[in-house]
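S.K.: Just dropping this structure here.
The values are calculated or read from the model by the stated rules, or taken from the named source; none is laboratory data. Note that the coordinates shown come from a computational prediction; the quantities given were computed from them, not determined experimentally. Quick reminder, even Gly has a Cβ in these numbers, built from the backbone with ideal geometry, and neighbours come from all protein chains shown. For accessibility, only protein heavy atoms count, side chains too; no ligands or nucleic acids. Shrake-Rupley method; radii C 1.70, N 1.55, O 1.52, S 1.80 Å.
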Amino acid sequence: MPSSLGERIRARRQELGLTQAAVAGDRLSKGFISLIEMGRAKPSIETLRLLAKRLQKPIGYFVEGDTTLSRKALHAKLASAWISLKRAEFTQAAELFAESRKIAKHHKDVSAEADSYIGLASALAGLRQFDAAQRNVRRGKELAEAAQSSHHLARVSQVLGLVEYYRGNLTAAREHFLEGYHCVQKSTNPDLSLAGSMLLNLGNAFRESGDVAEATKWYREALKTLEPTHDLPRIGLVHVQLGTAQRQRGNYDGALAHFTRAEHIFELLEDISLLAQARNSIGIMLVEQGEIEEAITHFKSSLSMKERVGDDPGRARTLTELARAFAAKGLFADAQRALAESERLTQKLGDVTEHARVQLARARIHVALHRNPDAIRQYETSIAVLEKLGLRADLVHACNELGELLIQQKRPSEAAPYLSKALHALRGETHAPIMPLERMPPRGRKARRSGSRGAHHPGRAPRLQIETRSATGDRAVP
């Protein structure tokens, strides 16, 4: 096997029967490829990733080998792995981090080994392989503590926060993200990009729990922290979330300004995954404005992009939103098909949060089709999970809608606990568990209606409501 980087690139190119111009494509020049092959030019990590893709080999094939290249291979792999992780290419990132870990162990490079374990844990969290993620992050934490590396310890907190966030344990997630942010601040040379991602994830955790005002505060702090770094992917994500906050407050002009700015950033970066997120968020806003056809177009565009990059968690979320749009247009068969596919993905991924939202969307369709017993069962299922996960915004909508449905059926005593729960959730208070309706005592028995006064409209029929969702970002930031 050829020993130098240039020789390996030339050999692989010739093996595939490609010319230097074909390998260069429209982003590089034939002359630059020639210089690389002769050993007179060194490609950057980004260029090497591009060449590896065009030559249909992993990046390690070109840089690892003899001892003079092994350390270069290690740092090249790590840099490439972090780039893949930032782009949500979790499978590729996991493979690169695993390879880096082996090389780091060989060279007894504790810092690089810690980096590899922590990065691998983050990629595994993105793939929803939580047990494996926690095993790797524990080892990464041991190495970071031995090296007294505040940077690595901050990343450990980031990964632990991601695991809790994806599992729906939002309070624990916020604690980890805040701990990581404080850890970055203590560093001699703080990594502002990492600090910004901590603040962004902290905002996401507050948003998921329904505290939009607190989320907005952290998003603005994230934007202020990230602006000097020129970290465009993360800056774009912050604009997506600020747009969502404006949308939830009814400021659609402000929301569209943030979404459009994010979309332009992602188009400039040619980042399909992040562009899909922006399109999804714009679609949600269009549904709320009643522009259903245009919203469906955005959701389908987002879905197509997510399919191209293999983003199954993101696909599930977009399918749920697409189902809501179809239902708003009266296309219930299309809505049911979209929800069935979303449910299949959430079950495969173990995504309990999105699965609860699928059940909530299905309940609304049952209401619209006058299948009230099915609707009640779906509402009860989603309410139990939403309450456990602390998703206040979704919980308020679900309880209020079920309460209205029961009142329409002239069952006010059964509606009262749900309307009360909605009121308590809106105030951020806890509420006693509610007995499932099929286990309640006969309807003739009186029940207290504390907290329900003014929370419902007995004469109003429940409607198929497209909720002002808090979920927009599809994923947390690695």
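Listed here are the residues, each with its yes/no results for (1) surrounded by 24 or more Cβ atoms within 10 Å (Cβ to Cβ); (2) modelled with pLDDT under 90; (3) of a type in the set (Asp, Glu).
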| residue | (1), (2), (3) |
| --- | --- |
| HIS230 | no, yes, no |
| GLY236 | yes, no, no |
| ASN251 | no, yes, no |
| LEU269 | no, yes, no |
| GLU288 | no, yes, yes |
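S.K.: Hey, another quick one. I'd like to check something: does segment 113-133 contain any residue that is among the aliphatic types (A, V, I, L, M), outside any loop (DSSP other than H, G, I, E, B), modelled with pLDDT under 95 and farther than 23 Å from LEU178 by Cα?
M.R.: Yes, that holds for at least one residue.
S.K.: Between THR47, THR67, THR19, which is open to solvent by 20 Å² or more (accessible area, probe 1.4 Å), at pLDDT below 80, farther than 19 Å from LEU120 by Cα and of a type outside the set (A, V, I, L, M)?
M.R.: Numbers: THR47 fails: at pLDDT below 80; THR19 fails: at pLDDT below 80.
After ruling out the rest, the residue left standing is THR67.
S.K.: Run ILE59 past the list (1) modelled with pLDDT of 80 or more; (2) surrounded by 15 or more Cβ atoms within 10 Å (Cβ to Cβ); (3) of a type outside the set (Ser, Thr, Tyr) and report the number of the one that doesn't hold.
M.R.: Here ILE59 meets the rest and fails (1).
S.K.: Okay, moving on. Find all pairs meeting these conditions: Cβ atoms under 7 angstrom apart; at least six residues apart or on different chains; first residue within segment 89-111 and of a type in the set (Val, Ile, Thr); second residue assigned to a helix (DSSP H, G or I) and open to solvent by 10 Å² or more (accessible area, probe 1.4 Å).
M.R.: Final answer for the pair search is ILE103/SER70; VAL110/LEU143; VAL110/ALA146; VAL110/ALA147.
S.K.: Against the condition open to solvent by less than 30 Å² (accessible area, probe 1.4 Å), touching a residue at least 40 places away in the same chain (Cβ under 8 Å) and among the polar types (S, T, N, Q), how does SER187 come out, does it pass?
M.R.: Numbers: open to solvent by less than 30 Å² (accessible area, probe 1.4 Å): yes; touching a residue at least 40 places away in the same chain (Cβ under 8 Å): no; among the polar types (S, T, N, Q): yes.
Against the criterion (open to solvent by less than 30 Å² (accessible area, probe 1.4 Å), touching a residue at least 40 places away in the same chain (Cβ under 8 Å) and among the polar types (S, T, N, Q)), SER187 does not qualify.
S.K.: Taking segment 134-156, which residues are in contact with a Cys (Cβ under 8 Å, 6 or more places away or on another chain) and crowded, with 23+ Cβ neighbours inside 10 Å?
M.R.: LEU153, ALA154
S.K.: Also, quick follow-up: Suppose we keep only residues that are assigned to a helix (DSSP H, G or I) and without any contact (Cβ under 8 Å) to a residue 12 or more places away in the chain within segment 218-254. Which one would you say is farthest from ASN189 (Cα to Cα)? Spell out the reasoning first.
M.R.: Of segment 218-254, the ones assigned to a helix (DSSP H, G or I) are 218-229, 232-248, 252-254.
From what's left, without any contact (Cβ under 8 Å) to a residue 12 or more places away in the chain: 224, 227, 253-254.
Values: LYS224: 17, GLU227: 17, ASP253: 38, GLY254: 35 Å.
Top of the filtered list is ASP253.
S.K.: Please determine whether any residue of segment 297-314 is modelled with pLDDT under 90 and within 22 Å of ILE383 (Cα to Cα).
M.R.: Yes, there is a match, as at least one residue in segment 297-314 is modelled with pLDDT under 90 and within 22 Å of ILE383 (Cα to Cα).
S.K.: Restrict the check to segment 255-265 and report whether at least one residue is among the polar types (S, T, N, Q), in contact (Cβ under 8 Å) with a residue 24 or more places away in the chain and over 23 Å from ARG392 (Cβ atoms). Steps first, answer last, please.
M.R.: Looking only at segment 255-265, we keep the residues that are among the polar types (S, T, N, Q), and these are 260.
From the residues that got through so far, the ones that are in contact (Cβ under 8 Å) with a residue 24 or more places away in the chain too are none.
Checked segment 255-265: no residue is among the polar types (S, T, N, Q), in contact (Cβ under 8 Å) with a residue 24 or more places away in the chain and over 23 Å from ARG392 (Cβ atoms).
S.K.: Here are some residues: ALA205, ALA213, ALA257, ALA172. Which one is of a type in the set (A, V, I, L, M), open to solvent by less than 10 Å² (accessible area, probe 1.4 Å), out of contact with any strand residue (DSSP E or B) (no Cβ under 7 Å at 6 or more places or on another chain) and in a helix (DSSP H, G or I)?
M.R.: From the options ALA205, ALA213, ALA257, ALA172, the qualifying one is ALA205.
S.K.: Another question, if that's okay. Counting only residues that are at pLDDT below 85 and open to solvent by 20 Å² or more (accessible area, probe 1.4 Å), which one in segment 81-98 is farthest from LEU127 (Cα to Cα)?
M.R.: ILE83
S.K.: OK, next. Do you know which of the residues in segment 66-80 that are part of a helix (DSSP H, G or I) and touching a residue at least 40 places away in the same chain (Cβ under 8 Å) is farthest from ALA144 (Cα to Cα)?
M.R.: Filtering segment 66-80 for residues part of a helix (DSSP H, G or I) gives 67-80.
From what's left, touching a residue at least 40 places away in the same chain (Cβ under 8 Å): 69, 78.
Values: LEU69: 25, LEU78: 16 Å.
Ranking the qualifying residues of segment 66-80, first place goes to LEU69.
S.K.: Output the residues belonging to segment 104-127 that are open to solvent by 20 Å² or more (accessible area, probe 1.4 Å) and either touching a Pro at 6+ places or on another chain (Cβ under 7 Å) or among the β-branched types (Val, Ile, Thr) (or both).
M.R.: Of everything in segment 104-127, just one residue is open to solvent by 20 Å² or more (accessible area, probe 1.4 Å) and either touching a Pro at 6+ places or on another chain (Cβ under 7 Å) or among the β-branched types (Val, Ile, Thr) (or both), namely VAL110.
S.K.: Residue check: is LEU199 buried (at least 22 other Cβ atoms within 10 Å of the Cβ), in contact (Cβ under 8 Å) with a residue 24 or more places away in the chain, among the hydrophobic types (A, V, I, L, M, F, W, C) and out of contact with any Gly (no Cβ under 9 Å at 6 or more places or on another chain)? Lay out the reasoning, then the answer.
M.R.: Values: buried (at least 22 other Cβ atoms within 10 Å of the Cβ): yes; in contact (Cβ under 8 Å) with a residue 24 or more places away in the chain: yes; among the hydrophobic types (A, V, I, L, M, F, W, C): yes; out of contact with any Gly (no Cβ under 9 Å at 6 or more places or on another chain): yes.
Spelling it out, LEU199 is indeed buried (at least 22 other Cβ atoms within 10 Å of the Cβ), in contact (Cβ under 8 Å) with a residue 24 or more places away in the chain, among the hydrophobic types (A, V, I, L, M, F, W, C) and out of contact with any Gly (no Cβ under 9 Å at 6 or more places or on another chain).
S.K.: So, one more: Do you know which residues across segment 290-304 are in a helix (DSSP H, G or I) and either surrounded by fewer than 22 Cβ atoms within 10 Å (Cβ to Cβ) or out of contact with any Leu (no Cβ under 8 Å at 6 or more places or on another chain) (or both)?
M.R.: Let us first name the residues in segment 290-304 that are in a helix (DSSP H, G or I), namely 292-304.
Selection gives ILE292, GLU293, GLU294, ILE296, THR297, LYS300, SER301, SER302, SER304.
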